[in-house]
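Peer 1: What follows is a structure written as structure tokens; I'll ask about it next.
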Amino acid sequence: MKAPIVTLTTDWGTQGFFAGMVKGALLSLIPDVQMVDVTHGVEPFNIMAATFVVKHACTGFPPGTIHIIDVASNHSEEHPFVAVKARRQYYICCDNGLPTMAFGNEIEEVVSIPVQENGVYNFAAYTLFSRVAAKLASGASLADIGPHHENLLQRPYVGWMPQGDSYRINIIYTDNYGNAYLGMSYKEFSELRQGRPFSLTVREQEVTELMVSYHQQHAQSDPRRKLRLTVSATGMLELAVKESSFTQLMGLKANDSVLLRFK
């Protein structure tokens, strides 16, 4: 038997004690566990950013991996705790829209995680999610965790939308370098483009070329900013500035948008 893998994707940050508490609980409950910190740097309560991380960082793990996702995990009757099986992996989280945005019709099974009527769940990853992870790691099925969960919250993952003869593309995620990941994949861009010239309006700047890397020498816009449109490792379009921060220089952040036109 391979040692079980449990990952953590959270908005806790790296300065507090939260990760230590949960890791201690997991090591006590699953002595041979392999723990992986996917990130603790999701913007607090930003479900869209957490969805981006889960879609592009968590789904590549081996089958059977158990993922604890603690972002905006505020339990209520409308947003219960759930365990989800998708892509042959397990995700322990809150039904706050993330499961449907991340997996859509790839969800195989969902169960509700039972909670005590008067229980306190201010830190669900520690008090509850770690115990669910331990059960799954021991070989339990989702049916052993709780009852089947109907009607997951449907929250649309709006990466881009038509706007007249143009397309409004949302910034979904920004990384530690200040690069901005757009809500349109290179595949979607290519299908819409059909070989035509394009113009991407970013503030007052017009980007008219898709670059193959951050380091391509030619900067086809304001040379002082060296703005680049490229394709990230996730397959999504990305805006970056060579040796600087796109978000700082351009004053744009997650949930802002840019405008794409084809000529």
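Peer 1: Quick check on the stretch 94-111. Is at least one of its residues at pLDDT below 90 and open to solvent by 60 Å² or more (accessible area, probe 1.4 Å)? Explain how you work it out, then say what you get.
Peer 2: Taking the stretch 94-111 as the starting set, the residues that turn out to be at pLDDT below 90 are 104-105.
Remaining after also requiring open to solvent by 60 Å² or more (accessible area, probe 1.4 Å): 105.
Yes.
Peer 1: Continuing with the same structure: Can you tell me which residues in the stretch 26-46 are open to solvent by 20 Å² or more (accessible area, probe 1.4 Å) and outside any loop (DSSP other than H, G, I, E, B)?
Peer 2: LEU27, SER28, LEU29, GLN34, MET35, VAL36, ASP37, VAL38, THR39
Peer 1: Let me confirm something: among THR14, THR9, which residue is of a type in the set (Val, Ile, Thr), under 19 Å from the mean Cα position of the chain (by Cα) and open to solvent by 60 Å² or more (accessible area, probe 1.4 Å)? Spell out the reasoning first.
Peer 2: Working: THR9 fails: open to solvent by 60 Å² or more (accessible area, probe 1.4 Å).
Answer to the selection: THR14.
Peer 1: Can you report the number of residues in the stretch 47-80 which are over 26 Å from THR174 (Cβ atoms) and part of a strand (DSSP E or B)?
Peer 2: 1
Peer 1: Does the stretch 59-80 hold any residues that are free of Cβ contacts under 8 Å to residues at least 60 places away in the same chain, over 24 Å from GLN116 (Cβ atoms) and surrounded by 17 or more Cβ atoms within 10 Å (Cβ to Cβ), and which are they?
Peer 2: THR59, PHE61
Peer 1: Quick check on the stretch 222-229. Is at least one of its residues closer than 28 Å to VAL42 by Cα, modelled with pLDDT of 90 or more, open to solvent by 10 Å² or more (accessible area, probe 1.4 Å) and in a strand (DSSP E or B)? Talk me through it step by step, then tell me what you get.
Peer 2: Filtering the stretch 222-229 for residues closer than 28 Å to VAL42 by Cα gives 225-229.
Now narrow it down to the ones that are modelled with pLDDT of 90 or more: 229.
Going one step further and asking which of them are open to solvent by 10 Å² or more (accessible area, probe 1.4 Å), we end up with none.
Taking every residue of the stretch 222-229 in turn, none turns out to be closer than 28 Å to VAL42 by Cα, modelled with pLDDT of 90 or more, open to solvent by 10 Å² or more (accessible area, probe 1.4 Å) and in a strand (DSSP E or B).
Peer 1: Which condition from (1) within 26 Å of the chain's Cα centre (by Cα); (2) modelled with pLDDT of 90 or more; (3) surrounded by fewer than 17 Cβ atoms within 10 Å (Cβ to Cβ) is the one that SER185 breaks?
Peer 2: (3)
Peer 1: ALA83: in contact (Cβ under 8 Å) with a residue 60 or more places away in the chain, in a helix (DSSP H, G or I), open to solvent by less than 10 Å² (accessible area, probe 1.4 Å) and in contact with a strand residue (DSSP E or B) (Cβ under 6 Å, 6 or more places away or on another chain), yes or no? Before the answer, list the steps.
Peer 2: Working: in contact (Cβ under 8 Å) with a residue 60 or more places away in the chain: yes; in a helix (DSSP H, G or I): no; open to solvent by less than 10 Å² (accessible area, probe 1.4 Å): yes; in contact with a strand residue (DSSP E or B) (Cβ under 6 Å, 6 or more places away or on another chain): yes.
No, not satisfied.
Residues checked against (1) within 13 Å of MET48 (Cα to Cα); (2) of a type outside the set (Val, Ile, Thr); (3) surrounded by fewer than 19 Cβ atoms within 10 Å (Cβ to Cβ); (4) at pLDDT below 95:
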| residue | (1), (2), (3), (4) |
| --- | --- |
| ASP144 | no, yes, yes, no |
| ASN151 | no, yes, yes, yes |
| ARG155 | yes, yes, yes, yes |
| ARG168 | no, yes, yes, no |
| GLY178 | no, yes, yes, yes |
| TYR181 | yes, yes, no, no |
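Peer 1: Regarding LEU136, is this residue closer than 21 Å to ALA3 by Cβ and surrounded by 19 or more Cβ atoms within 10 Å (Cβ to Cβ)?
Peer 2: On the way: closer than 21 Å to ALA3 by Cβ: yes; surrounded by 19 or more Cβ atoms within 10 Å (Cβ to Cβ): yes.
Yes: the conditions hold for LEU136.
Peer 1: Let me ask you something else. Wholly within the stretch 90-203, which helices (runs of 4 or more DSSP H) include no fewer than the required count, namely at least 2 residues that are without any contact (Cβ under 8 Å) to a residue 60 or more places away in the chain, closer than 24 Å to ALA233 by Cα and charged (D, E, K, R)? Spell out how you get there, then give the answer.
Peer 2: Details: elements: 98-103, 130-137, 142-145, 186-193.
Passing ranges, in order: 186-193.
Peer 1: Sticking with this structure for a sec: I'd like the residue in the stretch 52-93 that is polar (S, T, N, Q) and over 24 Å from SER141 (Cβ atoms) and, out of all such residues, is modelled with the lowest pLDDT.
Peer 2: Here is the first cut: in the stretch 52-93, the ones polar (S, T, N, Q) are 59, 65, 73-74, 76, 89.
If we keep only those that are over 24 Å from SER141 (Cβ atoms) as well, we get 74, 76.
Values: ASN74: 79, SER76: 76.
The qualifying residue modelled with the lowest pLDDT is SER76.
The values are calculated or read from the model by the stated rules, or taken from the named source; none is laboratory data. In this text the structure is predicted, and so the values were computed from the model without any measurement. Quick reminder, even Gly has a Cβ in these numbers, built from the backbone with ideal geometry, and neighbours come from all protein chains shown. To get the accessible areas, we keep the full protein, side chains included, count just its heavy atoms, and leave off ligands, DNA and RNA. Shrake-Rupley method; radii C 1.70, N 1.55, O 1.52, S 1.80 Å.
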